[in-house]
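Nothing in this text is a laboratory measurement; each read-out follows from the coordinates by a stated rule. Note that the coordinates shown come from a computational prediction; the quantities given were computed from them, not determined experimentally. Here the Cβ is made from the backbone with ideal geometry for all residues, glycine too, and neighbour counts use every protein chain on show.
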Number of protein chains: 4
Amino acid sequence: MRGNSFGNFLVLTSFGESHGPAVGAVIDGCPAGVALSAEHIDAALARRRPGQSIITSGRREDDHCEILSGVYEGRTLGTPIAVVVRSRDARSGDYDPNVFRIGHADRAWEDKFVHRDHRGGGRASGRETIARVIGGAIAERILPESVKIVAFARQIGHVALKATPKELTRADVDAFPTRCPERMADAAITEELLRLKEQGDSIGGIVELHIDGVPSGLGEPVFRKAKSRLSDGIMSIGAVSGVSLGDAFTESLLPGSEFHRPVANAPSGTAERSYGIQGGITSGQRIIMRVAIKPVSTTGTMAREGRHDPCIVPRVIPVIESMAALILADLQLAARLDNI
Amino acid sequence: MRGNSFGNFLVLTSFGESHGPAVGAVIDGCPAGVALSAEHIDAALARRRPGQSIITSGRREDDHCEILSGVYEGRTLGTPIAVVVRSRDARSGDYDPNVFRIGHADRAWEDKFVHRDHRGGGRASGRETIARVIGGAIAERILPESVKIVAFARQIGHVALKATPKELTRADVDAFPTRCPERMADAAITEELLRLKEQGDSIGGIVELHIDGVPSGLGEPVFRKAKSRLSDGIMSIGAVSGVSLGDAFTESLLPGSEFHRPVANAPSGTAERSYGIQGGITSGQRIIMRVAIKPVSTTGTMAREGRHDPCIVPRVIPVIESMAALILADLQLAARLDNI
Amino acid sequence: MRGNSFGNFLVLTSFGESHGPAVGAVIDGCPAGVALSAEHIDAALARRRPGQSIITSGRREDDHCEILSGVYEGRTLGTPIAVVVRSRDARSGDYDPNVFRIGHADRAWEDKFVHRDHRGGGRASGRETIARVIGGAIAERILPESVKIVAFARQIGHVALKATPKELTRADVDAFPTRCPERMADAAITEELLRLKEQGDSIGGIVELHIDGVPSGLGEPVFRKAKSRLSDGIMSIGAVSGVSLGDAFTESLLPGSEFHRPVANAPSGTAERSYGIQGGITSGQRIIMRVAIKPVSTTGTMAREGRHDPCIVPRVIPVIESMAALILADLQLAARLDNI
Amino acid sequence: MRGNSFGNFLVLTSFGESHGPAVGAVIDGCPAGVALSAEHIDAALARRRPGQSIITSGRREDDHCEILSGVYEGRTLGTPIAVVVRSRDARSGDYDPNVFRIGHADRAWEDKFVHRDHRGGGRASGRETIARVIGGAIAERILPESVKIVAFARQIGHVALKATPKELTRADVDAFPTRCPERMADAAITEELLRLKEQGDSIGGIVELHIDGVPSGLGEPVFRKAKSRLSDGIMSIGAVSGVSLGDAFTESLLPGSEFHRPVANAPSGTAERSYGIQGGITSGQRIIMRVAIKPVSTTGTMAREGRHDPCIVPRVIPVIESMAALILADLQLAARLDNI
């Protein structure tokens, strides 16, 4: 009830402060018999950690998990899966409890809870996303293999992709340090980020999320529509400040006759710009969402020293994918209850 | 679990199909002692119904509620408040069960539940929003009077407000049939809507939501951030396809040094473009969100006959306000549990 | 969260005060395609109402329900099923707001909520059980026909059944006004109740609940064991003050070697005195529970005038069966999620 | 949803299999500012472990916890509190996967989940109660100091307490190895247990739970009555097979005129035999419950070798107290929401 759990059928409970002994998650509701190992989760964690390139911070977060429960002989037991990642390389001396950093949760947190772990944001740190990535890795083991969840940087600062890519794998995206999957754009953004880093400045961007192979019929009619669950989950990521189906803020201004075009070779009633979700329920078509990522709030000296990335977009991408996986697995379990 | 309930402390359970005998809601978790009457709710329902002007459909939905429980001698009892609105003027003969209307839930619903009430969208009809407005009206009785929740049309089609209004009341907004609170814009939009109606076409727009007077400290740190709860609630409205804090899709592309400006005369750490929510928790500053509303999917003959509005934006505005009220009341009750 | 909802997958939300306009329920989570009509529910309501015999109160509660949503052409839609029962014959003048009746909720309620509907117990009245019976009637439509839930009076005052009946249908039980299914016992209890009524006194008893035909595998391992869910549900009935698996308060004092006898012709590991639930999970054997029902707290003049039954046991029986049906249907839906 | 979480406002999520790397709990919903340390929890864990006397098993479970999150500088942060207890002394070789032990969960579990950790019961082991004790220790830090929760053995086999003790502390109870707080009874039970151990047999008993100092007004009117929450929580303990308010299975057979006696020096309307709960809500009077504990199901060789206690009653007592603490703390937090 405190808001550290997410999901209704597949429930992720996240715990841990940035500079405490560990962060982790308990996932309850995973069916029995799912193949799962620490390696699956570590592979997902590796995709969120910085340190891969010149544009990311110098901090090392070489995170490895331990599965404490719920898995036996490589398969899930139907019992809660507790996973912990121990902290290391915590420099708590860096943080002054009397400074409320602009754009951070510090002030609001202090107002709310009075007693606060000020070190590196405590619970409000980006380190909390480890729990989401753990959950996403487990969720992807539950989803059918046909489901492909791929997010990528569509725009960072003023540099945008020229065209929306048709088919992309995560490997395609990860091949670019900026996770903007176009050679020219990636190079231009890298140059810009180096410049911003030198100035102790930062920048945000827009991520696009593609989900293919989703079964039709996921999502509930009123309050747990697929689109509202995805919005809830993705907007709960600290860096995110906007979500839309496709490019809704532009396309909503089109006449209905143009907006509601049918999809060729799809069942009648399927509209192209519903982006895979009609009446809150997945249609089996590709889901497309856009996500606005605000500029990192740490600017100035700490940014110049390279202790924070000038742009969080590449690191947020696997977190967005994780939330999408958690939500789809949750809705897919829910759909088992649709009919008698 | 089926997704017909919303909220964690103040829980709205919505029920009813478009052409069934009634739609309604049960609100559980309302504290005892709150002044409440059917008139409070009817006043809210009056703001969502069409029929007020030439630009809205000819359908009459002169909805009145009956409170079945939870209120005694004009005050709440701390027990569940059941409210029903009887249906009238239902023309179920209009709907052909074998047609899956484009952009509607028809097809997805049939795939999911097999057995379907096809009449006017059934559960997936806009009539479901009555339950939300009932809930919002009750939530507003719980919130302190200082809280002012006002939404308005910022843009419809290509006509936009010239400037963001500083202070607006609901009465200011309701003075304009389009709920676009500027004389010139309202007139231009009205003209455009009449033209679209004639053509049997439709248009969407962008709503802006201002919330003033919110206490600081509302929202939970990780998954129930104020921003993610608002996104969930607002994106669960059928016509909505995007939400953002402020103008996030544009502002995210600014450098951090420009984005993260402090608020004058506010506690240190408060950033202007956090729009009232920092680290997921309300700061006491004005909350500003934008909401993309897609064009109505009914085009052609039915639209020409005026049986559907060419633009749903004015009618969605009180529903957005209702969801915001429900969420803030919920988070406010939650905040009673913050400290020992 | 206020405790007016019950269940996790099949969720019953109950509403209504004794002397308000209506009591009712919303059932969410019922799969689509279940055959259901108002007649099914009315038949269940008929079994809980008094007025069938000389030993019950003179009050008429000829309750009929209206289904407001969730059912179309005789089958459920997968949407919330709202059901209301209008009040009639309410004599609110009978109740003095300044008297706190002994053994009733009056005092505790006033302490808790301050503002109180004192008429006939308000929300704390036995009339609230209508919602449970509605829920139970729906739950029984979801359960497989093999499941037989039958409760009966095992003992009232000092008169007890001579032997535990082997096979009983509800019709067998309903053939006796006391619902104690043995001619001699029924007659002796009837005589006793007439005597108590004359004296303005009351009496309690012990109900036994048999559930046959339950699939194995229902119930969760730790906190949602079949036995704890049944205890929660049954103990939430106002008149109930004790529950046990079989005759646990006596049999627990046996040596383990005698207690843990295997069941003949059952899978190895099945114990007779586990009464159908092992490790919290149903085994497929008959579930047997006993339920202690306390004496009605209304004694003296009102009891003498026959406005309250001298013994509530016969009327509680269908409520116990309803709670069992709700719980089993809930656990059965949950079990759809057990395996990948 | 899988049934590994308990509570609505203070939520305990339990995890861990008997022979896995660790068992533990995440407690979410604890307010900020509560004094808490690993020592508080370890002291509670010490009360549940065997090895204190000749009547308990030879197994050593010298359990110490580690707090991974939610506590900073000795006080809670309002964030989830994750606590783990590492396993040691696991003799998994003892268990044969092909044997379904009578009275255990083995068979039902295998039927349900197919894939099973058979070692020592896996998730269905008594070791799971560590999570409950962790939760109870935290709950007791939240409850006012006035609340005293004390359980004791009222009867084991045929040996019962002569009189119900008036005032008892946990120290009073813990002074007796059997936790039956009367010198003669304790000695007689000890002798009996040694005899049973020699024979490889076991025995159950009846525990009585006293709760003093509870504020009035806790518990919700319908489904979350104090009595039903306590029944749910206590019946979810593996060894428990019955619960009652006071001695309900006997007292229910009394005439109402005798049953419903007023309490001297208490507010009007308070009944003695309501045992502290009226209409589901605490009255401020002492709560008294009885709990039936079935005989340990392990008999024969393993019991003779002293690897299991012949009687689980003394060890279950702190688990019952823990569940009561969790429930009262949960209901107390809920009561913050009663009034506007």
(message) At 222 nm, what value in deg cm²/dmol follows for chain B if DSSP H runs of at least 4 each add -39500 (n - 2.57) and the sum is divided by all its residues, to the nearest 500?
(response) -8500 deg cm²/dmol
(request) Could you quote the convex hull projected area for segment C:114-177, Cα atoms only and averaged over all directions, in nm²? (result) 7.6 nm²
(message) Can you tell me which of A:G136, A:G24, A:G269 moves the most in a GNM of chain A? Springs connect C-alpha atoms under 10 Å apart.
(response) A:G269
(request) Starting from the amide H of D:A151, placed 1.01 Å from N in the peptide plane, find each other amide H under 5 Å away whose residue is 5 or more places distant or on another chain. (result) D:H210
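Suppose every Lys and Arg Cβ carries +1 and every Asp and Glu Cβ carries -1, with no other charges. What dipole size does segment B:225-340 come out with about its Cα centre, to the nearest 20 debye?
Values: 12 positive and 10 negative charges, 26 e Å.
For this selection, approximately 120 debye.
What shape does segment D:165-223 take by its C-alpha gyration tensor, where a ≥ b ≥ c are the square roots of the eigenvalues and a/c under 1.5 counts as rounded, a/b above b/c as prolate, and the rest as oblate?
In terms of gyration-tensor shape, oblate.
Evaluate the relative contact order of chain B (contact order divided by residue number), counting alpha-carbon pairs under 8 angstrom at least 6 apart; express in whole percent. Write down the numbers at each step before the final one.
Working: 675 pairs, mean separation 74.3, N = 340.
RCO, chain B: 22 percent.
To the nearest whole number, what is the average tally of beta carbon atoms from other chains within 10 Å of the beta carbons of peptide D:211-220? Walk me through the numbers before you get to the answer.
Details: counts 0, 0, 0, 0, 1, 4, 7, 2, 4, 9.
Mean partner shielding for this stretch: 3.
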(request) In whole Hz, with x marking every Gly and Pro, tabulate ³J(HN,Hα) for segment D:237-245 from phi via Karplus 6.51 cos²θ - 1.76 cosθ + 1.60, θ = phi - 60°. (result) 6, x, 7, 8, 10, x, 9, 8, 6
(message) For the pairs A:K225/C:K112; A:K112/A:K148; C:K225/D:K225; B:K162/B:K294; C:K225/D:K162, flag any whose C-alpha to C-alpha distance is greater than 30 Å.
(response) A:K225/C:K112; A:K112/A:K148; C:K225/D:K162
(message) Tell me the relative contact order for segment A:148-295 as a rounded percent, counting alpha carbon contacts under 8 Å between residues six or more apart.
(response) 29 percent
(message) Output wanted: per-residue J couplings in Hz (rounded whole) for segment D:255-264, from phi through Karplus 6.51 cos²θ - 1.76 cosθ + 1.60, θ = phi - 60°, x for Gly and Pro.
(response) x, x, 4, 8, 5, 8, 7, x, 8, 5
(message) Give me, ordered by chain and number, the residues 5 or more places off D:T76 or on other chains with an amide H under 5 Å from its own placed amide H.
(response) D:G33, D:V34, D:A35, D:L36
(message) I need the phi-derived Karplus couplings for segment C:164-175: 6.51 cos²θ - 1.76 cosθ + 1.60, θ = phi - 60°, integer Hz, Gly and Pro marked x.
(response) 6, x, 6, 10, 9, 9, 4, 4, 4, 6, 5, 5
(message) Just to be sure I understand the model, the point goes 7 Å from the Cα along the line to the Cβ. What's the resulting C:R195 to A:K166 distance in nm?
(response) 9.2 nm
(message) Just to verify a number: FRET efficiency for A:A38 and D:A43, C-beta to C-beta distance, R0 = 41 Å, to 0.05?
(response) 0.80
(message) At a 10 Å Cβ-Cβ cut-off, how would you order A:T169, C:T178, B:T79, B:T190, fewest neighbours first?
(response) A:T169, B:T190, C:T178, B:T79
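Per-residue mean of other chain beta-carbon atoms within 10 angstrom of the beta-carbon, peptide D:26-37? Provide the component values of the computation, followed by the final result.
Values: counts 11, 2, 9, 6, 3, 8, 10, 6, 3, 1, 0, 0.
The mean count of partner-chain Cβ atoms within 10 Å per residue comes to 5.
Could you estimate the translational diffusion coefficient of chain C from the Stokes-Einstein equation, with Rh from the Kirkwood formula over C-alpha pairs, at 20 °C and 1.002 mPa s, in whole µm²/s? Could you put the intermediate results ahead of the total?
Numbers: Rh = 20.9 Å.
Stokes-Einstein gives a translational diffusion coefficient of 103 µm²/s.
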(message) Between D:D62 and D:A264, what is the label-point separation in nm under the 7 Å Cα-to-beta-carbon projection?
(response) 5.2 nm
(message) Hydropathy at least -0.5 by Kyte-Doolittle, axial extent at least 18 angstrom from the Cα trace: which helices of chain A, defined as entire DSSP H runs, fit?
(response) A:129-142, A:183-199, A:313-334
(request) Report the one residue of B:I203, B:P318, B:L333 whose Cα lies farthest in the direction of the positive end of the charge dipole of chain B (charges on C-beta: Lys and Arg +1, Asp and Glu -1; origin at the Cα centre). (result) B:I203
(request) With +1 on each Lys and Arg Cβ and -1 on each Asp and Glu Cβ, and nothing else charged, work out how big the dipole of chain B is about its Cα centre, in Debye to the nearest 20. (result) 300 debye
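Please give the FRET efficiency for B:K148 paired with B:R86, using the beta carbon to beta carbon distance and R0 = 25 Å, rounded to the nearest 0.05.
Numbers: r = 32 Å, r/R0 = 1.27.
After rounding, the FRET efficiency stands at 0.20.
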(message) I'd like the mean, over residues of C:82-88, of how many other protein chain beta carbons sit within 10 Å of each residue's own Cβ.
(response) 3
(message) Can you divide the C-alpha Rg of the protein assembly as shown by 2.2 N^0.38 Å and report the result to two decimal places?
(response) 0.91
(request) With a point put 7 Å past each Cα toward its Cβ, work out how far C:E272 is from C:H158 in nm, to one decimal. (result) 3.1 nm
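Let me know the longest stretch in chain C that avoids all GluC sites (Glu not before Pro) found in a DSSP loop with at most 12 other C-beta atoms within 10 Å. Please list the in-between numbers first.
Values: sites that count: C:E73, C:E145, C:E167, C:E305.
By the stated rule (loop sites, at most 12 other Cβ atoms within 10 Å), C:168-304.
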